[in-house]
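Only one structure is covered here, and it is reproduced in the block below.
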Amino acid sequence: MLQLNYQDNCLECGTDEAGRGCLAGPVTAAAVILPADFQNDILNDSKLLTSRKRDFLEEILKDSCVSFGISHIDMGIIDEINILNASILAMHTSIQKLKPCPELILVDGNRFKPYKKIRHECIIKGDSKFLSIAAASILAKTARDAFMKKIDKEFPMYGWAQNKGYPTKAHRKAIQTYGLTKYHRRSFKQLPEQIELKL
């Protein structure tokens, strides 16, 4: 069972991102404040759950949380400021949507920049330790997956409904065949051999 609180008597939010390692699509983050009596036996790191369980938990979390925020940071900004800064920006933008404002931010991982004057704690593998971070990982993942399924209809040859923009063999073969789209991250190494790509 994951922990509910990092500190007692403190309004905490958890935040996490999805899509950092993708070749295409946005990086997406979520921030979540859970109620003080929240319990759920299956909530865990989104990477450890099936898509069916993530979809099931998404509705539970949105209905039962105190507040949540979700933000996409698109490919142009990722290319401009780099993926780490874009991930942190996505988290900040998600936290900004929370009402009430949290007193403590629990961040999955070891890199973050201060948001306003709110105290934060970086927790490695936090999405498998704290319920609020796990909840944020679920909402970020389901929102990003939905976005990738939507743009898959525009460019079906890349298989984004299945690979979600990650560098699978099929995705890279499609890049080799068809070149890059407006959704690809130009600052990323799209192909191992760094061949000339059609734009």
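The values are calculated or read from the model by the stated rules, or taken from the named source; none is laboratory data. Note that this is a predicted model, so its numbers are computed, not measured. Neighbour counts run over all protein chains shown; Cβ positions are idealised from the backbone, glycine included. Note: areas computed on protein heavy atoms with side chains; ligands, DNA, RNA excluded. Shrake-Rupley method; radii C 1.70, N 1.55, O 1.52, S 1.80 Å.
Some points to look at:
- Net length gained if the chain between L180 and A146 were fully extended (0.36 nm per residue, minus Cα distance): 10.2 nm
- Accessible heavy-atom area order of R185, R119, highest first, probe of 1.4 Å: R119, R185
- Convex hull volume per residue, computed on the Cα atoms of the stretch 59-199, equals 130 Å³.
- Placing +1 on the Cβ of every Lys and Arg and -1 on the Cβ of every Asp and Glu, with nothing else charged, gives the stretch 52-199 a dipole about its Cα centre of roughly 120 debye.
- Cβ-Cβ FRET estimate between N110 and K173, R0 fixed at 41 Å, reported to 0.05: 0.75
- Both the radius of gyration and Dmax for the stretch 1-104 are 14.5, 42 Å, in that order, over alpha-carbon atoms.
- In the stretch 1-140, taking the dipole from charged Cβ atoms about the Cα centre, the farthest positive-side position among A31, L104, L48 is held by L104.
- Highest-fluctuation residue, E12, E103, E121 considered, GNM on the chain with Cα pairs under 10 Å: E103
- Approximate spin-label separation Q162-E103, in nm, with each point projected 7 Å along Cα-to-Cβ: 5.0 nm
- P(r) of the stretch 75-155 over all Cα-Cα pairs, binned every 5 Å from zero, in whole percent: 3, 13, 19, 25, 20, 11, 5, 2, 0
- Exposure rank, largest accessible area first [H92, H171; 1.4 Å]: H92, H171
- The simple Förster model, with R0 at 25 Å and r as the Cβ-Cβ distance, assigns N5 and D55 a FRET efficiency of 0.40.
- Using the Cβ-Cβ distance between D37 and D79 with R0 = 41 Å, the FRET efficiency computed as 1/(1 + (r/R0)^6) comes to roughly 0.40.
- Acute angle (nearest 10 degrees) that the helix 169-178 long axis makes with the longest principal axis of the chain, alpha-carbon atoms: 50 degrees
- In terms of distances greater than 30 angstrom between alpha carbons, the cross-link table entries K153/K189; K125/K153; K116/K141; K129/K173; K97/K150 yield K125/K153; K129/K173.
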